[in-house]
Amino acid sequence: MSAGITAPFWHPAFSEGFILDWDGVLAETRLNFAPIRAKYFDGKFVPLFEAVETLPPPLGEQLRKDIYDVEMAGAESAVAVEGARELVEWLEGEDIPWCVVSRNCMDSISLAAERAGLTLPPVVRSRDVPPLKPAPEALWSAAEQIGVPSKKCVMVGDFVYDLVGARRAGMRAVLVQRPEAEWKHWADVSFDRLFEFVESLKNPEALVPWEYASLVSQKGADSLLSGRKKGAVLSSKAPDVLSRLLEKAEEGMLFFQLDDQAAHLSPDQWKKLPGLSPVWLDQPLKMAAEYVLEIRFPLASLVEKETSPDGLEWETLSECTGGSLE
């Protein structure tokens, strides 16, 4: 993170790896699958490639061919999205690894790149190499291929599958080119046009991450500013220790300590956090706490007393729900 932008704020300019959608982000092919949905699914919106598997083999093969033909026709007249070349120039100028992950076939991606005058990166994952977005494995594999931890990557896309895939993969998500989208709430930030995103990369300003959007909308950005000056010491014996950890993190608190570093997750503590896998039972409580923070509030952390930031206001939470010792 830049010295000028610190947690709990962020900006994609400081991500270590970029995963870009292809159609609608770099190349514009104006694909229209409405006739296909009308032909096979009575006009209902369904994920086409997944729906192929639900059809009898002859019909499924025909659907695959129809999708391919639409993609190739669109690729034939592809143009670069305004700002696409500038985005690639910025990434390469900053020496940031990047790749393309698309639900399009590789043939159409290659043709569109040729027609639009765009150079593809070394790593391009098309639907020819499953799994597909929004499966998180598609993004995890891409991150591994470009040599960047997935949690340090950002996904840039123009469709809900890009955003949902990023959320499932534990990545930041940027929406571009969809000013009227009903699913902006899946993104950390949205830009009406790609070139506006590029300008933001060149002149980054602090943004509110997805996990704190509700807090800021209700209480304002000052709630985050105050939260990063506070910390909580959690009772390792409290049955609701993990739920209280998340409660305080949701309030914008960034730093946490456990009063017993050697404690293990008890059955009562596991029961108090619905959804937590039983694999964590009797595992070190510190590891379980780090896990639940990472998937919900990745900018927050457990810290050792000796290495905690100076000047924090520490609150010690009691074993009983709803109280504190200080």
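The values are calculated or read from the model by the stated rules, or taken from the named source; none is laboratory data. Not measured: the values here are computed from a predicted model. Backbone-built Cβ (ideal geometry, glycine too); neighbour counts: all protein chains shown. Quick note on the areas: whole protein, heavy atoms, side chains included, nothing else; ligands and nucleic acids left out. Shrake-Rupley method; radii C 1.70, N 1.55, O 1.52, S 1.80 Å.
Residue-wise HN-Hα couplings along segment 10-21, as the Karplus relation 6.51 cos²θ - 1.76 cosθ + 1.60 with θ = phi - 60° gives them from phi, are 7, 7, x, 4, 9, 6, 8, x, 10, 10, 10, 5 Hz; Gly and Pro carry x. Dipole check for the chain: with +1 at the C-beta of Lys and Arg, -1 at the C-beta of Asp and Glu, and the Cα centre as origin, the magnitude is about 580 Debye. For Val79, nonlocal amide neighbours, meaning residues 5 or more places apart or on other chains whose placed amide H falls under 5 Å from its own, are Glu28. Within the listed set Tyr212, Tyr291, Tyr161, the residue fluctuating most in the Gaussian network model of the chain (springs between alpha-carbon atoms under 10 angstrom) is Tyr291.
Rolling a 1.4 Å probe across the protein heavy atoms gives the chain an accessible surface of 49 Å² per residue.
Couplings 3J(HN,Hα) of segment 152-159, computed from phi: 9, 9, 10, 9, 10, x, 10, 9 Hz, in residue order, whole Hz [Karplus 6.51 cos²θ - 1.76 cosθ + 1.60, θ = phi - 60°; x for Gly and Pro].
Applying a DSSP loop filter and a limit of 12 other Cβ atoms within 10 Å to the GluC sites (Glu not before Pro) in segment 176-213 leaves Glu180, Glu182, Glu205.
With a ≥ b ≥ c the root eigenvalues of the C-alpha gyration tensor of segment 85-210, is it rounded (a/c under 1.5), prolate (a/b larger than b/c) or oblate? Verdict is rounded for segment 85-210. Positive contributions from Lys and Arg (+1) and negative ones from Asp and Glu (-1), summed over other residues with Cβ under 14 Å from the Cβ of Ile295, come out at +1. The accessible surface of segment 1-126, taken with every protein chain in place and a 1.4 Å probe, is 53 percent carbon and sulfur. Backbone geometry of segment 272-284 corresponds, through the Karplus equation with coefficients 6.51, -1.76 and 1.60 at θ = phi - 60°, to 3J(HN,Hα) couplings of 7, 10, x, x, 6, 4, x, 4, 7, 4, 6, 7, x Hz, x marking Gly and Pro. Of the solvent-accessible surface of segment 215-305, computed with a 1.4 Å probe over protein heavy atoms with every protein chain present, carbon and sulfur atoms account for 53 percent. In loop segments of segment 104-193 as defined by DSSP, the trypsin sites (Lys or Arg not before Pro) with at most 16 further C-beta atoms inside 10 Å of their C-beta are Arg193.
Close amide H partners of Trp98, meaning residues 5 or more places away or on another chain with modelled amide H under 5 Å apart, are Phe18. Going through the cross-link list Lys184/Lys271; Lys237/Lys305; Lys229/Lys286; Lys248/Lys272; Lys152/Lys271; Lys237/Lys271, which pairs have a Cα-Cα distance over 24 Å in this structure? Those over the limit are Lys184/Lys271; Lys152/Lys271. Once each part is reduced to its C-alpha centroid, what is the distance from segment 202-237 to segment 15-82 in angstrom? Computed from Cα coordinates, the inter-centre distance equals 39 Å. Computing mean projected area of the Cα convex hull in nm² for the structure here picks out one of (i) 19.2; (ii) 16.1; (iii) 17.9, namely (i).
Between Gln283 and Leu265, the built amide H atoms are under 5 Å apart, and every one of these is 5 or more places off in sequence or on another chain. The alpha-carbon positions of segment 5-111 define a convex hull whose volume is 145 Å³ per residue. Subtracting the Cα-Cα distance of Asp107 and Ala73 from their residue separation scaled by 0.36 nm leaves 11.1 nm.
Seen from Ala78, the other residues with C-beta closer than 12 Å to its C-beta sum to a net charge of -3, counting Lys and Arg as +1 and Asp and Glu as -1.
Each of the peptides 82-94, 58-70 was scored by the mean count of other Cβ atoms within 10 Å over its residues; in descending order, highest first, they stand as 82-94, 58-70.
Taking a straight Cα-Cα cut-off under 15 Å and skipping sequence neighbours fewer than 8 places away in the same chain, the aspartates and glutamates within cross-link reach of Lys39 are Glu61, Asp66, Asp69.
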